[in-house]
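Worksheet: the structure to be examined is printed underneath.
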Amino acid sequence: MERTRAEALDATDPVARFRERFVFDEPAETIYLDGNSLGRMPRDGLDRLRGSIDEWAERLVGGWDGWLDLPRQVGDRLGGVALGAAAGQMLVCDSTTVNLFKLASAALDALSPAGAKAIVTDAGNFPTDRYVLEGLAASRRLVLRMIEADEVEGPTVDDVERACAGADVALLVLSHVGYRSAAVADLRAITASVGMSAGVPVLWDLSHSVGALPVELDRDGVQLAVGCTYKYVNGGPGAPAFLYVRNELQDRLRTPIQGWFGQHDQFAMHRAYDPERDVRRFLAGTPPILQLAAVAGAVDVLDAIGLDRIRAKNIALTELAVQLSDEWLAPLGFQLVSPRDPKRRGSHVCLRHPNAEAITDELAARQQVIADFRGPDRIRLGLAAPYTRFVDVYDGLERLRNLLT
Ligand SMILES: *Cc1c(COP(=O)(O)O)cnc(C)c1O
């Protein structure tokens, strides 16, 4: 394949003009294909962050008038732009890990069928998800049951139904997009069959889908979801995560972390714990205002581009990566370990090679291409539509080929 092909794709790309809304301060020869542990810095996020810093300097504690409601405001905005969530069901707060713990605990307390004794997840799920669930299972004398799915294609509806067939399932937790394979789970069908028909609470982790593909939480009947904002949302290192609790469930669920930000009438401080009537009951303590501002700016960029255009472009980007990998890298011993069907693939591509770790290191050191190593033997390339060009994919994979040859 000639480079002109990638150049032509860039020339007609309707998303290309949004690239200038991001900061490019790294050395010019760098190609950033991180996949996507940390999205690039958006100028809008930086501007909002600077605005918050000024507010801090000028208003001091008086700033809280405007800051207090930010977890809900930014949550509503992210939910509306990227997740198909009507207002009043989202918060941006805490980390994904903590939010997962809060919602999983709450679901086990209030939504699990009587006598259920298993938490079910996918053996390929992200480590923190497995660890949190392992801890919850141990403390509640439940078992943690792992779905053994195909590691490239991810858990199918059949795999999930089989794992949940015993009618003993207390909670199902799945990632929408696999962090290694990029496999997209059938969120709608699994929610309908396990969640609605079988009555098992289902909690989705959207960390690798939010900002990369349109998600329709309200329409698809999702009960509970969490995810992070520093990957394809570009909220910055340590940006707070989000949680979604469907309207109808909010008054039945109690957070296991009874903090004062979740208290009804928070500043009437003499009162005993009495949770907020709505999703705010899942707030815990003081929110990180500077990072919330950065997330708000980052969401403006996603809104300007639109999730449909982002998805169309990341399909084209990963298709190009798959074709180049077939042509150049397969003969060098690389194996594609992401789904070939672009509709079943998120915004990254994973390649397996026995020397993946050394190759990822050398690729950065000698060829200035930033990718991720994911053990034991994978290289993960993230292709973020808002700022990755088709020539970046071409050049990045060409450098990978050159390194190997
Ligand atoms: C990135 C990621 C996380 C990260 O959790 P933190 O609490 O933000 O560190 C969790 N789950 C999944 C599926 C992820 O991809």
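The values are calculated or read from the model by the stated rules, or taken from the named source; none is laboratory data. Just so you know, these numbers come straight off a predicted model, no measurement behind them. As a convention, Cβ positions derive from the backbone with ideal geometry for all residues, glycine included, and neighbour counts pool all protein chains shown. Remember, those area values only see protein heavy atoms, side chains included, never the ligands or the DNA or RNA. Shrake-Rupley method; radii C 1.70, N 1.55, O 1.52, S 1.80 Å.
Values computed for the structure shown
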quantity	calculated
Residue in segment 58-101 that is nearest to L292 (Cα to Cα), counting only those that are more than 16 Å from the ligand (Cβ to nearest atom) and of a type in the set (D, E)	D69
Residues within segment 233-251 that are open to solvent by 20 Å² or more (accessible area, probe 1.4 Å) and either closer than 21 Å to L203 by Cβ or away from the ligand (no atom under 16 Å from the Cβ) (or both), tallied	4
Any pair with Cβ under 7 angstrom, 6 or more apart, that starts in segment 325-346 at a residue that is in contact (Cβ under 8 Å) with a residue 40 or more places away in the chain and under 13 Å from G154 (Cα atoms) and ends at one that is open to solvent by 10 Å² or more (accessible area, probe 1.4 Å) and of a type in the set (V, I, T)	V337/V152; S338/V152; P339/V152; R344/V184; R345/V184; G346/V184
Residue that is nearest to A116 (Cα to Cα) [pool: residues in segment 182-206 that are of a type in the set (S, T, N, Q) and open to solvent by 10 Å² or more (accessible area, probe 1.4 Å)]	S197
Considering residues of segment 23-68 that are in contact with a strand residue (DSSP E or B) (Cβ under 6 Å, 6 or more places away or on another chain) and over 22 Å from C93 (Cβ atoms) only, the residue surrounded by the fewest Cβ atoms within 10 Å (Cβ to Cβ)	D34
Residue under evaluation V369, criteria (1) farther than 26 Å from P42 by Cα; (2) open to solvent by less than 10 Å² (accessible area, probe 1.4 Å), criterion not met	(1)
Subset of segment 94-123 (residues that are surrounded by 24 or more Cβ atoms within 10 Å (Cβ to Cβ) and on the phi > 0 side of the Ramachandran plot)	D94
Selected residue (only one of R344, R340, R254, R271 is open to solvent by 20 Å² or more (accessible area, probe 1.4 Å) and in contact with a strand residue (DSSP E or B) (Cβ under 6 Å, 6 or more places away or on another chain))	R344
Test set (1) buried (at least 18 other Cβ atoms within 10 Å of the Cβ); (2) without any contact (Cβ under 8 Å) to a residue 40 or more places away in the chain; (3) touching a Ser or Thr at 6+ places or on another chain (Cβ under 7 Å) - F282 fails condition number	(2)
Spans of helices (runs of 4 or more DSSP H) in segment 1-94 with at least 2 residues aliphatic (A, V, I, L, M) and farther than 21 Å from G285 by Cβ	3-11, 43-59
Residue list for segment 285-313, filter: more than 14 Å from V233 (Cβ to Cβ), open to solvent by less than 50 Å² (accessible area, probe 1.4 Å) and not charged (D, E, K, R)	G285, P287, I289, G306
